[in-house]
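Written out below as structure tokens is the structure these notes cover.
The values are calculated or read from the model by the stated rules, or taken from the named source; none is laboratory data. All values reported here derive from a predicted model rather than from experimental measurement. Here Cβ is always computed from backbone atoms with ideal geometry, including for glycine, and neighbour counts include all displayed protein chains.
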Amino acid sequence: MNYEDERSKEIGKLLNAARVERRISISKCAALLMTTRRRYVEIEAGKSKLSVVELELLCKLLEISVLSIFPQCEARRVHRVFIHSGDLVECILSVDGVVPMTSS
């Protein structure tokens, strides 16, 4: 089994779990995608591929974050700190999960 097939199965399992947990019917998901119930069942089984737009629609309906499907794509975090003139600020940045050493 190649990577694409493995990921399709993983994504299908995530979609199925979210749909069952939220008690949303297969028919409702299929209607949202303007496809057949049969194809939607194949999507959850990892046998039919999803377009990016279809995935986005399902994430909204199932109330799941795209990051739960693509955890390797962490959201960028922005932190704002308001300071007064003359205040000393030390910033430590993590790049790709590595926190650099700082000198005192």
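Tabulated data for the structure shown
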quantity: Residue satisfying condition, being modelled with pLDDT of 95 or more, in contact with a helix residue (DSSP H, G or I) (Cβ under 7 Å, 6 or more places away or on another chain) and on the phi < 0 side of the Ramachandran plot, within set Ala75, Ala17, Ala30; calculated: Ala30
quantity: Long-range neighbours under 8 Å by Cβ, at least six apart or interchain, first residue surrounded by fewer than 16 Cβ atoms within 10 Å (Cβ to Cβ) within the stretch 50-72, second assigned to a loop (DSSP other than H, G, I, E, B) and at pLDDT below 95; calculated: Val66/Cys73; Leu67/Cys73; Leu67/Glu74; Leu67/Ala75
quantity: Qualifying residue in the stretch 30-42 (condition: among the hydrophobic types (A, V, I, L, M, F, W, C) and closer than 15 Å to Ile69 by Cβ); calculated: no
quantity: Criterion (under 17 Å from Ile69 (Cα atoms) and out of contact with any strand residue (DSSP E or B) (no Cβ under 9 Å at 6 or more places or on another chain)) met by exactly one of Ser27, Ser8; calculated: Ser8
quantity: Residues (closer than 15 Å to Ala18 by Cα and among the hydrophobic types (A, V, I, L, M, F, W, C)) located in the stretch 31-45; calculated: Val41, Ile43, Ala45
quantity: Leading residue by the ranking (nearest to Glu63 (Cα to Cα)) among those in the stretch 11-27 that are surrounded by 12 or more Cβ atoms within 10 Å (Cβ to Cβ) and not hydrophobic (A, V, I, L, M, F, W, C); calculated: Arg19
quantity: Any chance Leu14 is part of a helix (DSSP H, G or I) and touching a Cys at 6+ places or on another chain (Cβ under 8 Å); calculated: no
